[in-house]
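The values are calculated or read from the model by the stated rules, or taken from the named source; none is laboratory data. Every value quoted in this text rests on a predicted model; they were computed, and no experiment measured them. A quick note on method: Cβ atoms are made from the backbone with ideal geometry, for glycine too, and the neighbour counts reach across all protein chains shown. SASA here: full protein model, heavy atoms, side chains in, ligands and nucleic acids out. Shrake-Rupley method; radii C 1.70, N 1.55, O 1.52, S 1.80 Å.
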Amino acid sequence: MRAGQSPFERRGLLAQAFSLRLDWWRVDWHLLALALALLALGMLVVHAIALSDDALGRDGVVFAKHVKKVLVASPMLLVGLTLRPRWLRRHAWTIYGATIVLLLLLPLVGEVRNNATRWMQLPLIGFDLQPSELAKLGLVIALARVLYSSRLERWRDWRAPLGVTLLPLALVMMQPDLGTAMSMVPVCAGMLYLAGASGRRIVGIAFGTLAVGVLAYKFEWLRDYQLERVETWLESFGASALIDGRAGPGFHTYHARVAIGNGGWWGQGLGNGVANEAGHLPERDCDSIVAVIAEEAGFVGVSAVLLLYALMVVLLLASAAQIRERFSRLVVGGLGLHFASHLFVNVGVNLGLVPMTGLPLPLFSTGGSAMLATFAALGLALGLAAQREAALDEDAFRD
């Protein structure tokens with residue numbers, strides 16, 4: 001904003017970016033209600049975890065800090081809800097570029113934790129910023145912008161979307177953060193499919209990616225700790241190997257499985273699980289929160305929670321299907337895939353279906369950056385679906 005602008009000029013810029021007369025009756029209130037219900041359930045679980053830590057005198061989860069992060073992040077819901085689709089499309093590259101700059105700044109100003117540089121200190125807003133969380137939203141918006149004007153009919157049309165994906169993916173893996181990088185891949189593949197890409201080509205690329213992963217493991221191109229995680233995962237399919245490794249590299253996997261198994265059908269009761277009482281399960285308020293829910297709510301309870309979460313994903317994709325304007329449809333569809341990938345990876349890690357890696361479950365896990373990105377994603381999905389700007393592109397006339 002240039003110096004000397006009048007209030008009327010500033011108001012005009014805000015009006016270009018935000019829709020001040022949103023048709024509130026078009027908002028998918030049922031989707032918002034479901035998301036808020038999941039948030040409430042997550043806060044209930046985090047509260048139980050915090051009570052256990054407090055009762056046993058552990059320096060662990062503080063519920064007041066989690067509430068503060070939710071309150072600080074919540075305005076992003078309104079920002080996303082009122083943002084104009086046309087403005088978002090015009091400034092997609094600016095948003096994407098800003099997230100890339102943040103990732104590039106991490107090695108210079110980032111904080112090292114657990115041998116990874118993923119966080120920047122933001123003392124003014126009460127939590128540390130994890131740029132990779134924002135990069136996932138930037139990726140969705142940039143992919144939608146690329147695919148808005150491309151039908152992927154030729155192989156050369158694939159260069160731009162794949163390049164847009166590989167840049168943040170590579171920067172995130174260098175932190176290193178394998179979990180976040182893993183979550184970007186299905187989002188990219190899904191958006192390519194939503195944009196009209198051939199399913200055969202996507203499957204071919206998927207098999208090629210898998211082959212690269214196998215070669216990386218076979219020839220030890222991965223870091224030592226990543227190789228150890230893959231080997232531990234492969235060995236954990238056998239009960240005896242998992243038990244033998246419970247005091248070593250299989251510690252996290254073992255305790256996650258034990259917690260899930262302890263839940264039985266109906267669970268041990270909120271706050272009464274071994275994971276909370278003993279405190280052995282790492283990251284039980286974040287990456288392993290599904291294991292805590294499974295132990296305390298049982299198979300029935302955790303299944304109900306996961307079904308509600310899956311329903312939210314289905315509603316997001318259904319909302320995208322109703323949007324005629326191509327860019328908005330791709331963004332909303334990409335955000336639905338964003339939540340779906342987090343659900344799959346987080347649950348898969350706790351069940352041992354994928355190698356151990358850190359990835360929060362949006363609306364449940366603690367973490368300020370994840371909550372910030374979650375509210376922004378929900379707001380964008382609801383706002384873009386509700387505003388329904390006029391479109392003259394080819395897709396707008398398809399049934």
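Computed quantities for the displayed model
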item: Within segment 43-129: Cβ-based charge dipole about Cα centre, in debye rounded to nearest 20 (Lys, Arg +1; Asp, Glu -1); result: 580
item: Computed magnitude of the charge dipole of the chain (debye, nearest 20; Cβ of K, R +1, Cβ of D, E -1); result: 1640
item: Length gained when the stretch Met174-Leu104 is fully extended (0.36 nm per residue, less Cα-Cα span); result: 24.2 nm
item: Ordering of 362-372, 105-115 by burial proxy (mean other Cβ atoms within 10 Å per residue, highest first); result: 362-372, 105-115
item: Heavy atoms of Asp244: accessible area, 1.4 Å probe, square angstrom to 10; result: 130
item: Positive-end residue of Val290, Val300, Gln322, charge dipole of segment 254-399 with Cβ unit charges; result: Gln322
item: Net charge over other residues, Cβ less than 14 angstrom from the Cβ of Gly269 (K, R count +1; D, E count -1); result: -3
item: Accessible surface of the chain [probe 1.4 Å, protein heavy atoms]: carbon and sulfur percent; result: 64
item: Derived scalar couplings ³J(HN,Hα) [segment 280-296; Karplus, 6.51 cos²θ - 1.76 cosθ + 1.60; whole Hz; x for Gly, Pro]; result: 6, 6, x, 6, 6, 8, 9, 5, 10, 5, 5, 5, 5, 4, 5, 6, 8
item: Per-residue ³J(HN,Hα) for segment 160-167, Karplus 6.51 cos²θ - 1.76 cosθ + 1.60, θ = phi - 60°, Hz, x for Gly and Pro; result: 5, x, 5, x, 4, 7, 5, 5
item: Modelled FRET efficiency - R0 35 Å, Gln121 with Thr94, Cβ distances, 0.05 increments; result: 0.90
item: Cα gyration tensor shape for segment 45-159, rounded if a/c is under 1.5, else prolate or oblate; result: prolate
item: Cβ charges +1 (Lys, Arg) and -1 (Asp, Glu), total dipole of segment 64-221, debye; result: 560
item: Cα gyration tensor shape for segment 132-171, rounded if a/c is under 1.5, else prolate or oblate; result: oblate
item: Ranking by accessible area, most exposed first, for His252, His280 with a 1.4 Å probe; result: His280, His252
item: Trp93, Trp158, reordered so the largest accessible area comes first (probe 1.4 Å); result: Trp93, Trp158
item: Dipole-positive endmost among Gln175, Met76, Gln121 within segment 72-206 (Cβ charges, Cα centre); result: Met76
item: The chain, relative contact order [Cα under 8 Å, separation at least 6], %; result: 27
item: Extension gain from Arg324 to Leu32, taking 0.36 nm per residue of separation minus the Cα-Cα distance; result: 103.0 nm
item: Helical contribution to [θ] at 222 nm, DSSP H n ≥ 4, -39,500 (n - 2.57), averaged over the chain, rounded to 500; result: -22000 deg cm²/dmol
item: Length-normalised contact order for segment 74-179 - Cα pairs under 8 Å, 6+ apart - percent; result: 26
item: Mean accessible surface per residue for the chain, computed with a 1.4 Å probe while every protein chain stays in place, in Å²; result: 49
item: Shape of segment 311-374, Cα gyration tensor, a/c cut at 1.5; result: prolate
item: Estimated vicinal HN-Hα couplings, Hz - segment 314-331 in sequence order (Karplus 6.51, -1.76, 1.60; Gly, Pro = x); result: 4, 5, 5, 5, 5, 4, 4, 5, 8, 8, 7, 5, 4, 4, 4, 4, 5, 5
item: Farthest toward positive dipole pole in the chain [+1 Lys/Arg, -1 Asp/Glu at C-beta], among Gly208, Phe237, Gly368; result: Gly208
item: Spin-label pair Val112/Arg201, simplified geometry with 7 Å Cα→Cβ offset, distance in nm; result: 4.3
item: Gain upon complete extension [Trp24, Asp244; 0.36 nm per residue less C-alpha separation]; result: 73.5 nm
